[in-house]
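A.B. asks: Dumping the structure here so I can ask a few things about it.
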Amino acid sequence: MSPPIRPARSPVGPERVGFTDRGSATAELAVGLPALLMLLLAGLAAVGAVTTQLRCVDASRDAVLAASRGEAGTQAGQRAAPPGAEVTVTASGDTVTATVRAPVPLLGGHLPALRVNATAVAGIEPGSPGPAL
């Protein structure tokens with residue numbers, strides 16, 4: 001009885017013909033680097049949006065507290081607001097409301113701006129001359 005016949009195996013190692021890994025690192029880098037760059041830019045945009053949001057919160061708080069004491073609320077809000085922000089202060093009954101809206105430029109202004117806003121409400125302080133808007 002003769003031994004079983006096995007199919008021929010393709011060569012493994014440097015003898016392989018037509019199967020090389022040359023250039024695969026370059027191809028992986030060409031795909032991975034833009035993805036990492038986009039991730040970095042998205043992270044920077046998120047940090048910018050959060051920073052602008054926090055500045056709007058601070059500005060609305062400053063505006064409403066100043067207005068509730070009878071001082072110029074809009075001016076106080078503008079001092080703390082980010083560049084390009086809109087500050088509105090309104091009074092209704094015995095409360096004062098301040099709203100700050102600001103644009104967040106994305107990718108250095110190459111994309112449409114995201115808008116963030118913050119609102120603060122405070123009661124009019126007793127003994128104050130009334131809200132100053």
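A.B. asks: Taking residue 39 as the residue in question, decide whether it is under 13 Å from the mean Cα position of the chain (by Cα), modelled with pLDDT of 90 or more and either not in a loop (DSSP other than H, G, I, E, B) or not hydroxyl-bearing (Ser, Thr, Tyr) (or both).
C.D. replies: Yes, satisfied.
A.B. asks: Select from the range 64-78 the residues that are in contact with a helix residue (DSSP H, G or I) (Cβ under 9 Å, 6 or more places away or on another chain), more than 13 Å from residue 101 (Cα to Cα) and of a type in the set (Gly, Ala, Ser) and list them in ascending order.
C.D. replies: 66, 67, 72, 73, 76
Yes/no matrix, rows are residues, columns are (1) of a type outside the set (A, V, I, L, M); (2) out of contact with any helix residue (DSSP H, G or I) (no Cβ under 7 Å at 6 or more places or on another chain):
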{"position": "80", "(1), (2)": "no, no"}
{"position": "94", "(1), (2)": "yes, yes"}
{"position": "100", "(1), (2)": "no, no"}
{"position": "107", "(1), (2)": "no, no"}
{"position": "113", "(1), (2)": "no, yes"}
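A.B. asks: Say whether the condition of being touching a residue at least 40 places away in the same chain (Cβ under 8 Å) and surrounded by fewer than 18 Cβ atoms within 10 Å (Cβ to Cβ) is met by at least one residue in the range 87-100. Please lay out each step first, then the result.
C.D. replies: Let us first name the residues in the range 87-100 that are touching a residue at least 40 places away in the same chain (Cβ under 8 Å), namely 89-91, 100.
Subsequent filtering for residues that are surrounded by fewer than 18 Cβ atoms within 10 Å (Cβ to Cβ) retains 90-91.
Within the range 87-100, one or more residues are touching a residue at least 40 places away in the same chain (Cβ under 8 Å) and surrounded by fewer than 18 Cβ atoms within 10 Å (Cβ to Cβ).
A.B. asks: Same structure, new question: Would you call residue 59 modelled with pLDDT under 95 and within 21 Å of residue 123 (Cβ to Cβ)? It would help to see each step written out before you state the result.
C.D. replies: Numbers: modelled with pLDDT under 95: no; within 21 Å of residue 123 (Cβ to Cβ): yes.
No: the conditions fail for residue 59.
The values are calculated or read from the model by the stated rules, or taken from the named source; none is laboratory data. The model shown is predicted, which means the values in this text are computed figures rather than measured ones. Backbone-built Cβ (ideal geometry, glycine too); neighbour counts: all protein chains shown.
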